[in-house]
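Each remark here refers to the structure printed beneath this line.
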Amino acid sequence: MKIRWTAAVALAALTAVTFAGCGGSGSASATDKIKKAGKVVMTTNAEFEPFEYKDGDEITGIDIEISQAIADKLGVKLEISDIAFDSLIPSLNAGKADFIAAGMTATEDRRKNVDFSEAYFNASQAIIVTVDSEIASRTDLNGKIVGVQQGTTGDSYCTNEDGSSDVQVGEVKRYPKGMDAVSDLIAGRLDAVVIDNFPAEKLVGKNADTIKKLDEALTEEEYAIALPKGSDLTDTVNETIKELNESGKMDEIVSKYISAE
Ligand code: GLN
């Protein structure tokens, strides 16, 4: 009798612990797991200067510094996994990373699959054309061949699947890297490239004699860190962003990579 009672209590206790550990739809506690491992894994696509890009062997940029601040707050090492932009969310949800920092726009569509932190940066889509192009505004893109980075908001804008844009691009060509689209623009295979405004500045800066960025902003977007749904790490990420903003460190980081005109 006594033995049976003990077994029942033990079973109940075990059940309680198991359920407590599985709160929310995410993993048990992302933070515990990270602290135990001594590292937090951030995934990105390092082809997006000034947010993430390769400088020699090193990956650097605004998102890398924000991610480092998150790792510092957790007291662990930062590990970076560099993959294709359109693999970021599937990879996060396969448990291969703890968060995404990739100049990723917090869209309603993506919110179906991930949680977003508070926004940390305002952005928009911009048009890049050759210096002698007759394209001067967004409606001039009608019927034209436009290059985008696959799976980005620039891709959605030009593809216009939901019909929300007044621009009817003739053909959308998708590239793994914005730089590859720009190369095709310079080679005359595209009429324009649509990409985020600050990366557009950087791409144009490297080829200023052949291409230019138009002033018009096509969209209003906010970058945020993406996390698995229900991850308890979201609080730490939000606290880190808040602290960086309040201490002036965020402005410092941004101005290291984006010079004010
Ligand atoms: N902000 C864009 C998006 O979220 C592009 C991001 C990127 O190419 N890294 O789709």
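No lab work stands behind these numbers, since they all come straight from the coordinates. Keep in mind that what you see is a predicted model, and the values were worked out from it rather than measured. Cβ coordinates were reconstructed from backbone atoms using ideal geometry, including for glycine residues, and neighbour counts include every protein chain displayed.
Taking amide H as placed 1.01 Å from N in the peptide plane, the amide H of I258 sits under 5 Å from none that are at least 5 places away or on another chain.
Among the DSSP beta bridges whose two residues both lie in segment 138-261, what percent are antiparallel, rounded to the nearest 5?
Working: 1 of 8 bridges.
Of all bridge pairs located within segment 138-261, approximately 10 percent are antiparallel.
For n ≥ 4 DSSP H runs only, could you compute -39500 (n - 2.57) per run for the chain, divide by its residues and tell me the 222 nm figure to the nearest 500? Only helices count here, giving -11000 deg cm²/dmol.
Considering only D55, D162, D251, the Gaussian network model of the chain with Cα springs below 10 Å gives its largest mean-square fluctuation to D162.
As a proxy for reagent exposure, R138, R111 were ordered by neighbouring Cβ count within 10 angstrom, fewest first; the result is R111, R138. Applying the Karplus relation 6.51 cos²θ - 1.76 cosθ + 1.60 with θ = phi - 60° to segment 90-106 yields 3J(HN,Hα) values of x, 5, 4, 6, 8, x, 8, 8, 8, 7, 10, 10, 8, x, 7, 6, 7 Hz, where x marks Gly and Pro. Among the GluC sites (Glu not before Pro) in segment 126-230, those placed in a DSSP loop whose Cβ has at most 15 other Cβ atoms within 10 Å are E134, E161, E216, E220.
Taking every C-alpha pair closer than 8 Å and separated by at least 6 residues, the mean separation divided by the residue count of the chain gives a relative contact order of 25 percent. With charges set only on the Cβ (+1 for Lys and Arg, -1 for Asp and Glu), what does the dipole of the chain come to about its Cα centre, in debye to the nearest 20? About 1620 debye.
Projecting the Cα atoms of T152, L141, I186 onto the dipole axis of the chain, where Lys and Arg carry +1 and Asp and Glu carry -1 at the beta carbon, places T152 farthest toward the positive end. Remind me, relative contact order of segment 29-171 in percent, using alpha carbon pairs under 8 angstrom and six or more residues apart? The normalised contact order for segment 29-171 reaches 21 percent.
Using only alpha carbon pairs under 8 Å that are at least six residues apart, calculate the relative contact order of segment 145-237 and give it in whole percent. All intermediate terms of the calculation are to be shown ahead of the outcome.
Values: 93 pairs, mean separation 24.5, N = 93.
Contact order relative to length: 26 percent.
Here the 3J(HN,Hα) profile of segment 46-60, calculated from phi with Karplus coefficients 6.51, -1.76 and 1.60 at θ = phi - 60°, is 7, 9, 9, 4, x, 7, 7, 7, 8, 10, x, 8, 9, 9, 9 Hz, Gly and Pro shown as x. Rounded, prolate or oblate: pick one for the chain, where a ≥ b ≥ c are the square roots of the eigenvalues of its C-alpha gyration tensor, a/c under 1.5 means rounded, and failing that, prolate if a/b is larger than b/c, else oblate. Prolate is the answer for the chain, as a/c is 1.5 or above and a/b outweighs b/c.
Bridge orientation summary for the chain: considering DSSP beta bridges with both residues in this region, about 60 percent are antiparallel. The HN-Hα couplings worked out from phi for segment 163-175 by the Karplus form 6.51 cos²θ - 1.76 cosθ + 1.60 (θ = phi - 60°) are x, 7, 9, 8, 9, 10, 5, x, 8, 9, 10, 9, 10 Hz, whole numbers, x standing for Gly and Pro.
Remark on D196: its backbone amide H falls under 5 Å from those of A126, a criterion applied only to residues 5 or more positions apart or on other chains, H modelled at 1.01 Å from N.
Note on segment 39-101: with charges restricted to the Cβ of Lys and Arg (+1) and Asp and Glu (-1), its dipole about the Cα centre is near 380 debye.
Amide H to amide H distances under 5 Å link F51 with I62, where only residues 5 or more positions off or on other chains count and H is placed in the peptide plane.
Under a Cβ-only charge scheme (Lys and Arg +1, Asp and Glu -1), can you give me the dipole magnitude of segment 166-261 about the Cα centre, in debye to the nearest 20? Walk me through the numbers on the way to the answer.
On the way: 12 positive and 21 negative charges, 116 e Å.
With Lys and Arg at +1 and Asp and Glu at -1, about 560 debye.
Within segment 181-261, which trypsin sites (Lys or Arg not before Pro) sit in a loop by DSSP and count at most 16 neighbouring Cβ atoms inside 10 Å?
Values: sites: R189, K202, K206, K212, K213, K229, K242, K249, K256; in loops: R189, K229.
Those that pass, being in a loop and sparsely packed, are R189, K229.
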